[in-house]
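Following: one structure in structure tokens, then a few remarks.
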Amino acid sequence: MRSTFAGVAAFAATAAAHYNFEALIHNDKVTDPYQFVRQTTNSNSPITDVTSDNFICNQGGLDADIMAKTETQEVAPGDAVGFTINSNLGHPGPLSVYMSKAPEGTDAAAYKGDGDWFKVYELTTSSITAEGLQWATSVGGGINNFTFTLPEDLPAGQYLMRGEHIALHGAQEVGGAQFYIGCAQLTVTGSGAGSPSPTVKIPGVYDGTEDGIVINLYYPAPTSYDAPGPVTWPNACIDHTANYADQTSDGDCTNDDGAGASASTPTTTGSGAGASATGAATPTGAAQSSSRPSATGAAGVSGNAAAAQPTTPASSGDESSCTKKRAARRSAKKGLKLMA
């Protein structure tokens, strides 16, 4: 009976840790749940089949009635956008945002995401220690909202913006990773003339056997991590410090994190002489701000959001420059190693 109760308890704990991308954040304003985000039909369960059409916008995200009732938010290049999470990102793993432009003449509400996708945001580790990978999404028990800046050269049009968090707590074997997905509908205005690249298809972006998807987080403790999928457009930047709805957005390699600190390379430490990358920031879980974004309804960021925010990292001067961030990323991609 003990094993039965233990199994039930483990299942309950796992289910409680599930979550959804519930509401769109636009320039510090939190919209209503599923006003601009396509609602799921699988409660808060993850997707595990990377070849399924459910991998595009979660289960229910391509249902005609759900697409039609979801509103489309007007945004502009340079705006801060993001998602709230209905509980928090309670599992370890990387966070990414992909975008796909609908064909000319097709509204976002009618677009099924069968075109080209490109990655615009990536948030991975906050640090790498002797205990392994420390995740930027896990600060304070799991962040419950995040924002980033839309690229200045983003072409105008109708878009899907797809949030994706890969939960790696059970990813020791193929099929063990869990994918939490949500799609917002956007109209991008302006005169952006960029050519987003590289592009991928979804499904198709992963085959499920990538090193960043099949990984044992616990033993032996990993000493580096590369998220699966393409690099981000336009600056191939990896963020290592989550920013929130009431902060200046970073992670796009053109702005800093609101405190003047670079967030391009996480701290790497060991049990002896630890190596710390330039511009690193290691969140501590302390509250950063007690102010909350305005909300139009029940989608306001939950009360524990402030406790889930990292301490603002100290300024590192000109390390926020785009060139140095890209250089730091290239160095990090070679593999962050623990020093003996």
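Just so it is clear, none of the values below were taken in a lab; they were calculated from the coordinates. Note that the structure is a prediction, hence the values are computed from the model and not measured. Don't worry about glycine lacking a Cβ; one is built from the backbone with ideal geometry, like all the others, and counts go over all protein chains shown.
Between their Cα atoms, which of Lys69/Lys119; Lys69/Lys201; Lys69/Lys112 are more than 21 Å away from each other? Pairs exceeding 21 Å: Lys69/Lys119; Lys69/Lys201.
Residues Thr147, Thr187, ranked from the fewest to the most other C-beta atoms within 10 Å, line up as Thr187, Thr147.
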